[in-house]
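Have a look at the structure below, then the notes.
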Amino acid sequence: MRHIISVLMENEAGALSRVAGLFSARGYNIESLTVAPTEDATLSRMTIVTTGSNEVIEQITKQLNKLVDVIKMQDLSDGDHIERELMLVKVRAATGEQREEMKRLADIFRGRIIDVADKTYTIELTGPGSKLDAFLDALDAGAILETVRTGASGIGRGDRMLKI
Amino acid sequence: MAELELTGAEIVIRCLHAEGVEYVFGYPGGAVLNIYDEIYKQKGFTHVLVRHEQAAVHAADAYSRSTGKVGVALVTSGPGATNAVTGIATAYMDSIPMVVITGQVPTAAIGQDAFQEVDTVGITRPCVKHNFLVKDVKDIAPTIKKAFYIAATGRPGPVVVDIPKDITQHSCTFEYPETISMRSYNPTSKGHAGQIKRAVQMLLEAKRPVIYTGGGAVLGNAAAPLAEMARDLGYPVTSTLMGLGGYKANDPLFLGMLGMHGTYEANMAMQHCDVLIAVGARFDDRVIGNPKHFAKEARRIIHIDIDPSSISKRVKVDVPIVGDVGQVLEEMNRLLKASSERPEQAALKAWWAQIELWRAQDCLKYDRSSAMIKPQYVVEKLYEITQGQAFVTSDVGQHQMWAAQYYKFDEPRRWINSGGLGTMGVGLPYAMGVQLAHPDAMVACITGEGSIQMNIQELSTCKEYKLPIKVILLNNGYLGMVRQWQEFFYEERYAESYVASLPDFAKLAEAYGHVGMRIEKPEDVEPALRRAFTEHKDQLVFMNFITDPRENVYPMIPAGKGLSEMILV
């Protein structure tokens, strides 16, 4: 099953490699991993999307907690949460017809065109992973020149918080 | 008045003094020259100069295993650090508290492929509890404080502190923190009260109980409360390889070691019990074999461990208790004493009757009339002559199993071996660390002709520090455990397990300045051992016992099989 795990850790050099190393050493899957400092610059917050049986997820949770740099963590999938991912897609937009079609599709998905060139548009789209997938499916495969995705970031709903 | 500034190198030394370090095992090199210059000037600890960095780490590890204190090793950058890695991984697998200080190239040279540069923090990351690269002289003291704290608390383990050379030259004022608190690291030591209650209830309801103890019972200093519980309830006890000595081997409640080469009675009891209490043990593959086979028999499991990730990793347990095993057992004993309930005696009696039947198999019997020296006999004689009082280190292989099976350890921290990583070559450096920590104790290193050659250069260190270790070489001319597997599972195709050319070990020992002996007949075993421990009490004696090359370790559970699928002699 897919799980989305948030980890609050010391913003130390090498903290990311400890987590990445743990996943590779123990053979856990990583679907995506994002990390950046928080409003408190001494803290990093990481979001990991992984899959595994309940036993594997339990071990992942325990092993993450065991890392000396990890302060707190939470399996967001255990309760109500929100996930967002950012995607940038460069699409072919050479003819008037193509440009019109891309603009229309971007609007439907509430994406924004953030770069306009002679033959291409770059579209910015935010949402749950499934929405980004749906957008890519809606595009003509030949029209996609390049895509880049950040991987999911997640946060609990309402009073559900991960902080120290 | 301005406070006195110290260099980084001086600070390192002051920190080690503040931690009460007695021995630093190490080897100098370019990146640690500043630190060595300060070692030259100090008197607070003894530096032990080994002949290979791997041995420094093993010796520090054994110092820790035999004393419970944090072992300290110091090596240079690059090859110094890579040579130390096997030692670090060995300590990591067995949860041994250690601080390893590694030199690093100067900060400005990091990443430039400088001479003797290696990414020590990167290389050691998967085999340390934690590691640090110190980037500022001001960080040395707090980092070393943290390193000792992390190494010794919670589930112990090795911590590496990598210090670039320029940092040891810079100076700042020195203050060693008295205490340390880390928001990201707060190990649990007190067990959950509710779970402890449930565990006690479950123990009292048991009809076929087994107490299964591991290295955690030794590391957690739980021998006393463990003995109290077992005797109070009259329950059988078995130990893993790492747990030996945690419970008196000579006690009738003790079933011997369990696992791949465990006794018949221990493995059968383990497989057929209805309530199992695991104390600082982790159900690893060499202990329970195939978890699917293990799970076939229904039983309720209580698991006490300091490390939450050890619980329900290979086997699902019913009552997990995270905490210091000693403290948790004490709390359980308190509740047991306060309870008016007692275990059902008729059931317990029947269980013991069954266990005695299994025990009557006498699974550790061997041919005592052989014209060749049987390795088991050597270990038995060593036990008799040392009256069970020796510290015994071993290497890895058949001799290790025979040592574990035939030397009856009655006290914790006497049996020093590499259980988790199974590192050949640890025996001699382990004996060095133990002998330095216990100068008046008898220290025997039971080894094989394969393992001993993996760190034999340390015979030179033993001479320098006058370590009267007794090396018991069970020489069968084969990499015996490999040979045994080839005999059982590869139709006797002995690929590269026969060592055709061996040195004259007695002469080799003499060349290093020690006493060497070669023993070929069973009747010469006892006199040789006696001489070693009397006449040559203060010398290192290297005893080359020529043993039966075809002897196997029994019982044996083939890898991947279940506990009741033993091959018996």
Proximal charge balance of A:Glu101 [Cβ under 13 Å; K/R count +1, D/E count -1]: 0
Chain A, helix-only ellipticity at 222 nm - DSSP H runs n ≥ 4, -39,500 (n - 2.57), divided by all residues, nearest 500: -9000 deg cm²/dmol
Reference-scaled alpha-carbon Rg (2.2 N^0.38 Å with N residues) for chain B: 1.00
Descending semi-axes in Å of region B:403-548, equivalent ellipsoid built from Cα gyration tensor: 25, 18, 15
Cα gyration tensor shape for region B:240-327, rounded if a/c is under 1.5, else prolate or oblate: oblate
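Around B:Val72, with a cut-off of 13 angstrom between Cβ atoms, what is the net charge of the other residues, counting Lys and Arg +1 and Asp and Glu -1?
Residues near B:Val72 contribute -2 overall.
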Loop-resident sites, region B:124-228, for GluC sites (Glu not before Pro), counting at most 15 other Cβ within 10 Å (DSSP): B:Glu175, B:Glu178
Neighbouring partner chain Cβ atoms per residue of A:66-75, average, 10 Å criterion: 4
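Could you please report the charge total around B:Phe391, scoring K, R as +1 and D, E as -1 over all other residues with beta-carbon less than 9 angstrom from its beta-carbon?
Net charge in that neighbourhood comes out at +2.
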Radius of gyration and Dmax over the Cα atoms of region B:136-252, both given in Å: 21.2, 66
Reachable lysines, given that their alpha-carbon falls under 16 Å from the alpha-carbon of B:Lys296 and they are not under 8 places away in the same chain: B:Lys316, B:Lys561
Inter-label distance for B:Ser340 and A:Ser17, nm, one decimal - labels placed 7 Å from Cα along Cα-to-Cβ: 6.3
Most to least accessible of A:Phe135, B:Phe174, B:Phe115 (protein chains only, probe 1.4 Å): B:Phe115, B:Phe174, A:Phe135
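Between A:Asp80 and B:Glu487, what FRET efficiency comes out of the Förster formula 1/(1 + (r/R0)^6) with R0 = 51 Å and r the beta carbon distance, rounded to 0.05? Before the final figure, lay out the partial values.
Details: r = 61 Å, r/R0 = 1.19.
Computed FRET efficiency for B:Glu487 and A:Asp80: 0.25.
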Loop-located trypsin sites (Lys or Arg not before Pro) in region B:134-243, at most 14 other Cβ atoms within 10 Å (DSSP): B:Arg183, B:Lys190, B:Lys207
Members of region B:113-128 that become less accessible by 30 Å² or more once partner protein chains are added (1.4 angstrom probe, chain alone as reference): B:Arg125
Sparse-neighbour loop sites [trypsin sites (Lys or Arg not before Pro); region B:324-417; at most 14 other C-beta within 10 Å; DSSP]: B:Lys365, B:Arg368
Chain pair A, B: total accessible area buried, heavy atoms, 1.4 Å probe, Å²: 1500
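Mean residue ellipticity at 222 nm from the helices of chain B, using -39,500 (n - 2.57) per DSSP H segment of n ≥ 4 over the full residue count, to the nearest 500 deg cm²/dmol?
The helix-only estimate for chain B comes to -11000 deg cm²/dmol at 222 nm.
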Exceeding the 30 Å Cα-Cα cut-off - candidates A:Lys66/B:Lys135; A:Lys72/B:Lys135; B:Lys129/B:Lys207; B:Lys197/B:Lys408: B:Lys129/B:Lys207; B:Lys197/B:Lys408
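Determine the shielding of peptide A:10-17 by partner chains: average, over its residues, the number of Cβ atoms on other chains within 10 angstrom of each Cβ.
For this peptide, the per-residue mean of nearby foreign Cβ atoms is 3.
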For region B:194-241 versus region B:109-180, the gap between their alpha-carbon centres in whole angstrom: 38
With eigenvalues of the C-alpha gyration tensor scaled by 5 and rooted, the protein assembly as shown, Å: 50, 35, 26
Cut-off under 5 Å, modelled amide H: who pairs with B:Ile567 long-range: B:Met556, B:Ile557
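Counting alpha carbon pairs within less than 8 Å and at least 6 residues apart, what relative contact order, in whole percent, applies to chain A? Mind showing how you got there, number by number?
Details: 298 pairs, mean separation 45.2, N = 164.
So the answer I get is 28 percent.
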Rounded if a/c under 1.5, otherwise prolate or oblate - region B:322-430, Cα gyration tensor axes: oblate
Probe 1.4 Å, accessible area per residue of region B:112-161, Å²: 40
For region B:454-508, the Rg and Dmax computed from alpha carbons only, in angstrom: 15.2, 47
Potential extension, B:Val315-B:Arg531 segment - 0.36 nm per residue separation minus Cα distance: 72.9 nm
Which of B:Ser369, A:Asn11, A:Thr122, positive extreme of dipole for the protein assembly as shown (C-beta unit charges): B:Ser369
Nearest-0.05 FRET efficiency for B:Ala559 and B:Val499, computed from C-beta distance (R0 25 Å): 0.60
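Return an integer: the convex hull volume of the alpha-carbon atoms of chain A, in Å³ per residue.
Residue-normalised Cα hull volume stands at 139 Å³.
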Fraction in percent of alpha-carbon pairs per bin - 10 Å, region B:466-569: 13, 35, 27, 19, 6
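The values are calculated or read from the model by the stated rules, or taken from the named source; none is laboratory data. All of these numbers come straight from a predicted model, not from anything done at the bench. Quick reminder, even Gly has a Cβ in these numbers, built from the backbone with ideal geometry, and neighbours come from all protein chains shown. Remember, those area values only see protein heavy atoms, side chains included, never the ligands or the DNA or RNA. Shrake-Rupley method; radii C 1.70, N 1.55, O 1.52, S 1.80 Å.
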